[in-house]
Amino acid sequence: MNIIRLCSTVMLAVCLLFPALSLAGSLSDKDHALLIRIDERLNQVDKRFEQIDKRFDQVDKRFDQVDKRFDEFRIDMNKRFEQVNKRFEELRMDMNKRFEMMDKRFAELRTDMNKRFEEMLQIMLGIVAAFAAIVAVTISFAIWDRRTMVRPFEDKVKSMEDEIASDRRKLHGILEVLRKYARKDERLAELLRSLSLL
């Protein structure tokens, strides 16, 4: 369309610049034939320009279709990205919930384990206290038993030691007497020497 206007403008300018050409009576047959050929050529050029314009219109339509497709593709991509973002957001929220649940489970497990350790500690302290009590009772019983059982023996041993000590004194006395007699009696002296008493 723009080309047709351009050609019309060119023809008008030619007519205005060359007024002699615009006078039909003053033209020769050659000029007239030339004008007809120029007019035919201009018509052909106009047709070609119209075809080119149609082609440009088709190209414009195709570009519009491509633009429309790109717009649809962009809109579809945006929707898909929004869906992906929504999925990621849901996944993030789900993961946060799961982590919170796991934290809660760990806290419950920790408190449960603390209670169990406290119970175990109390049981162990009870066992240690019972063992210590048993040991203390056993040692006390052993000491008491030793005192009650040994005291009569100690008393007996002491009395026996006293008797032995008194008998020793008597034995020493007898031995001294025998030594004195051994000075006079040879057989007795030999006998005491054989026993290493002299």
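Throughout, read-outs are computed from the coordinates displayed, never taken from laboratory work. Predicted model only: the values in this text are computed from it and were never measured. So basically every Cβ, Gly included, is an ideal-geometry build from the backbone, and we count neighbours across all protein chains shown.
Which condition number does residue 175 fail, the rest of (1) surrounded by 10 or more Cβ atoms within 10 Å (Cβ to Cβ); (2) over 30 Å from residue 189 (Cβ atoms) being met?
(2)
Quick one: which of 123, 164, 139 is closer than 30 Å to residue 193 by Cα, assigned to a helix (DSSP H, G or I) and of a type in the set (A, V, I, L, M)?
Values: 123 fails: closer than 30 Å to residue 193 by Cα; 139 fails: closer than 30 Å to residue 193 by Cα.
Every option except 164 fails the conditions.
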